[in-house]
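Where a number appears in this text, it was derived from the coordinates with a stated rule and is not lab data. Not measured: the values here are computed from a predicted model. Cβ coordinates were reconstructed from backbone atoms using ideal geometry, including for glycine residues, and neighbour counts include every protein chain displayed.
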Amino acid sequence: MKITAIVGTYRKGGITDTAVDEILGSAKEAGAEVSKIYLLDKHIEFCTNCRACTQKQGEARGECPISDDMNGILDEIERSDSIVLASPMNDYTVTALMKIFVERLIPYAYWPWEGHAPVLRNKLKNKRAAVVSASAAPAIFAPFSSNVVYLLKMSAETLGARTIGVLFMGLAAQKPKQELNPRHRKQARLLGKKLAAIRNN
């Protein structure tokens, strides 16, 4: 069992990052191999919408002509059984780091020029995913006033994963360096155990 986390926060060691560490730590204790990729450390260009990657039919992802770190990230995800997608909420959506990553997932769609809409190549959701986000607003309001959770779950689906858990942490900006509260820590660790317990056929 291999689990890879994609982290789109600007703050290493912040509340979103710490929650991911709890998930991965719990999964590792349960026997999973874990890794974490900070988008902040990677060179990922903007998608130019050339759609070259969407023209060839088939289940394998299309080939993007941009030469940067994205292909390596996607290779790592494809070698994984489960994924964690994490981004704090910025201006009612995911961070710019995560948005660039999301837009570069288009190779997983088949969309010929005569087609009216893209079709996901991988219809079998044989991976599992957890999504993590945090907001300065109360958790009861933030998910309904933003598209963060929706974008992360749709990105997981594009990557061939079914989301089995969401950790959304509200009131996450009350201190310069806010710690996870016991409830969120427990939820994160339960998510890690849940991801580690899944075996794909």
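Rounded to the nearest 0.05, what FRET efficiency do Glu45 and Lys175 give with R0 = 41 Å and r taken as the Cβ-Cβ distance? Could you check?
Details: r = 35 Å, r/R0 = 0.85.
With a Förster radius of 41 Å, E is 0.70.
Show me the ranking of peptides 45-57, 180-192, 18-30 by mean Cβ neighbours inside 10 Å, starting with the highest.
Ranking, from highest mean packing down: 18-30, 180-192, 45-57.
Along the charge dipole of the chain, pointing to its positive end and built from +1/-1 on Cβ of Lys, Arg, Asp and Glu, which listed residue (Leu85, Thr158, Ala19) has its Cα farthest out?
It is Ala19.
Between Gln57 and Lys36, 0.36 nm times their residue separation minus their Cα-Cα distance comes to what?
Result for the pair: 4.4 nm of gain on full extension.
About the Cα centre of the chain, what is the dipole size in debye to 20, counting +1 per Lys and Arg Cβ and -1 per Asp and Glu Cβ, all else neutral?
That gives the chain a dipole magnitude of about 760 debye.
For the chain, take the longest principal axis of its alpha carbons; what is the angle in degrees between that and the long axis of helix 15-29, to the nearest 10 within 0 to 90?
With both axes taken from Cα atoms, the answer is about 90 degrees.
Order the peptides 151-160, 167-176, 59-68 from the highest to the lowest mean number of other Cβ atoms within 10 Å of their residues.
151-160, 167-176, 59-68
Which cross-chain or sequence-distant (5 or more) residues have an amide H under 5 Å from the amide H of Ala137, H modelled 1.01 Å from N in plane?
So Ala137 has HN proximity to Leu171, Ala172.
Enter the Cα centre distance for the pair the stretch 152-199 and the stretch 52-87, rounded to the nearest angstrom.
22
Find how much the distance from Leu120 to Ile66 grows on full extension, using 0.36 nm per residue of separation minus their present alpha carbon separation; answer in nm with one decimal.
17.4 nm
Which whole-number percentage describes the relative contact order of the stretch 72-201, with Cα contacts under 8 Å and a sequence gap of 6 or more? Before the final figure, lay out the partial values.
Values: 179 pairs, mean separation 37.7, N = 130.
Computed value for the stretch 72-201: 29 percent relative contact order.
About its Cα centre, what dipole magnitude does the stretch 72-171 give when the only charges are +1 on Lys and Arg Cβ and -1 on Asp and Glu Cβ, stated in debye to the nearest 20?
280
Are any of the pairs Lys125/Lys153; Lys153/Lys194; Lys2/Lys194; Lys99/Lys123; Lys28/Lys127; Lys99/Lys193 more than 19 Å apart by Cα-Cα distance, and if so, which?
Lys99/Lys123; Lys99/Lys193
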